[in-house]
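The values are calculated or read from the model by the stated rules, or taken from the named source; none is laboratory data. Fair warning: this is a prediction, and the values are worked out from it, not measured in the lab. All Cβ positions, even for glycine, are placed from backbone atoms using ideal geometry, and neighbour counts span all protein chains on display.
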Amino acid sequence: MRKVRQLRFLSIPAAVALAALAVPVMGQMSPDSTGGDNAMPTASTAEAPTAASSVDPQEFVKAAGSGGEFMVQLGQIAQQKAQSKEVKDFGKMMVQDHSAADQKLQQIARSKGYEVPSQLTSKQQKELDHLSSLEGKAFDQAYMKLMVKDHKHDVAAFKRAAKASGLDPALQNFATETLPKLEQHLDRAQQVESRVG
């Protein structure tokens with residue numbers, strides 16, 4: 001678990017959003033919850049997107065940052081503990097995509113003066129610890145169930161951020177560009193979950 005990074009720049013995720021806009025947007029994307037072309041942050045509490053809702057930029061960054069880190073750490077565990085090759089491959093994709101989104105978020109944050117946490121929230125840490133205790137098929141099922149749940153939250157959060165009024169344009173672009181990747185992650189997560197039970 002990395003320590004909180006000082007503001008060097010901004011965004012991710014996820015995520016990845018990946019995942020933050022005004023907060024409860026990215027799956028684990030609320031101040032307490034777990035971008036780019038192939039990375040995204042995640043948000044864990046999502047609200048239905050509204051056309052003119054406002055999103056707090058720092059909260060979005062916090063949610064996206066911790067959500068992205070959550071996806072990366074879980075993806076690393078999945079590559080080690082999963083029984084199914086599909087689940088291992090999904091974990092690898094999470095590491096790659098959410099790491100890339102995190103880098104984009106960090107760049108935006110640094111240029112805009114936002115702080116991006118890389119430390120997990122207490123809820124994310126609890127979920128990570130639980131999954132770390134599982135093996136084989138039990139891990140596959142629990143991990144993929146969580147991936148579906150979190151990516152549903154992330155997609156809703158990024159949609160909200162993409163349409164938020166008054167959000168920093170750089171963050172809004174990040175949300176808009178990251179959203180399709182999050183939607184792809186959700187589709188894939190649902191497919192893999194259906195096969196692992």
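Criterion applied to SER118, SER11 was being of a type in the set (Ser, Thr, Tyr), modelled with pLDDT of 50 or more and either over 17 Å from PHE174 (Cβ atoms) or assigned to a loop (DSSP other than H, G, I, E, B) (or both), and the one residue passing it is SER118. Take the conditions surrounded by 14 or more Cβ atoms within 10 Å (Cβ to Cβ) and in a loop (DSSP other than H, G, I, E, B) and apply them to VAL192. Does it pass? Here the answer is no, as VAL192 does not meet what is asked.
Here TYR114 meets the list (1) touching a Pro at 6+ places or on another chain (Cβ under 7 Å); (2) aromatic (Phe, Trp, Tyr); (3) closer than 21 Å to GLU86 by Cβ almost entirely, failing just condition (3).
Would you be able to say whether some residue in the stretch 79-89 is surrounded by 23 or more Cβ atoms within 10 Å (Cβ to Cβ) and within 13 Å of the chain's Cα centre (by Cα)? Taking every residue of the stretch 79-89 in turn, none turns out to be surrounded by 23 or more Cβ atoms within 10 Å (Cβ to Cβ) and within 13 Å of the chain's Cα centre (by Cα).
ALA109 meets the conditions (1) modelled with pLDDT of 95 or more; (2) of a type outside the set (Asp, Glu); (3) buried (at least 16 other Cβ atoms within 10 Å of the Cβ); (4) more than 22 Å from HIS185 (Cα to Cα) in every case but one. The failed one is (1).
Just one of (1) crowded, with 24+ Cβ neighbours inside 10 Å; (2) in contact with a helix residue (DSSP H, G or I) (Cβ under 8 Å, 6 or more places away or on another chain); (3) within 16 Å of HIS98 (Cα to Cα) fails for HIS153. It is (2).
Just to be sure before I move on: is GLU193 modelled with pLDDT under 95 and not hydrophobic (A, V, I, L, M, F, W, C) in the structure I sent? Against the criterion (modelled with pLDDT under 95 and not hydrophobic (A, V, I, L, M, F, W, C)), GLU193 does not qualify. Within the stretch 156-167, the set of residues being buried (at least 19 other Cβ atoms within 10 Å of the Cβ), over 13 Å from the mean Cα position of the chain (by Cα) and in a helix (DSSP H, G or I) comprises LYS159, ARG160, ALA161, ALA162.
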